[in-house]
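First comes the structure, then the notes that go with it.
All of the numbers you see were taken from the coordinates with simple rules; none came from a lab. In this text, all values refer to a predicted model and were calculated from it rather than measured experimentally. As a convention, Cβ positions derive from the backbone with ideal geometry for all residues, glycine included, and neighbour counts pool all protein chains shown.
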Amino acid sequence: MRLLSILFLAVVLSLSATAAPYSLGIQGGLSMANVSSEPTADTGSRTSLSFGATADVQLYEWLYLNPELMYVAGGFTSTSGTTTTTTSVNWLAVPVNLKAKFNATPELMPYVFVGPSLGFKLSAKSGDTDASANVKSTAFDLGFGAGMEYWVNPSIAILLNGRYVLGLSNTTDQASSALLANVVTKNKMFMFLAGATFAL
């Protein structure tokens, strides 16, 4: 028990962040989206690009509020015989994370984060066919991940992060069609992003 207490204290002391208390940045990169579904369907990933803005607001020495505004490319692929169809569902996502930053060096700051995300549907297509009517207008997800900031100077840092987004709400509009009355689909996605942030 004493050893655990010492280890916990060491971790807390290492969280004394020296980054800017307020920062605003941009980030973008690769998203690999899919869905979990009931009844179970054999789907594959849709790989595309996602991008947006990110901000940090210091709440405590090592704890930050991290709101974001992101264009997120969701969806999935499905194969029937030799034909593969891409279903693209694009969202305007508003994640609100809690982020803990660690001091590795004065310039390098690894971090971990977790938080909910509210998505607003922008478009939905299955192949070349509009599928907006079959997808709900909003989605509620949970994101968590890890990354790093490298402060080139006191005003500018390079960002790298990876995250997993777990869908918490059904995105299928079951009322849109009798065929979808019992269908449940939830987002799931890996994202790998890079960008830059600027101290305010």
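Quick rundown of the values:
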read-out	value
Phi to ³J(HN,Hα) by Karplus 6.51 cos²θ - 1.76 cosθ + 1.60 over region 172-188, Hz, x for Gly, Pro	7, 7, 5, 7, 6, 7, 4, 5, 9, 4, 10, 8, 10, 10, 10, 5, 8
Rounded FRET efficiency, nearest 0.05, which uses the C-beta distance separating Thr82 from Phe140 and R0 of 41 Å	0.65
Size descriptor, Kirkwood hydrodynamic radius, that averages inverse alpha-carbon separations across the chain, Å	18.2
Linear extension gain, Ala178 paired with Tyr164, 0.36 nm per residue minus alpha-carbon span	1.8 nm
Relative packing of peptides 63-71, 139-147, 121-129 - highest average C-beta neighbours within 10 Å first	139-147, 63-71, 121-129
In degrees, nearest ten, helix 2-13 long axis to first principal axis of the chain (Cα)	90
Mean Cβ count within 10 Å, highest first, over the residues of peptides 174-186, 155-167	155-167, 174-186
Lys, Arg +1 and Asp, Glu -1 on Cβ, resulting dipole of region 16-199 about Cα centre, debye, nearest 20	120
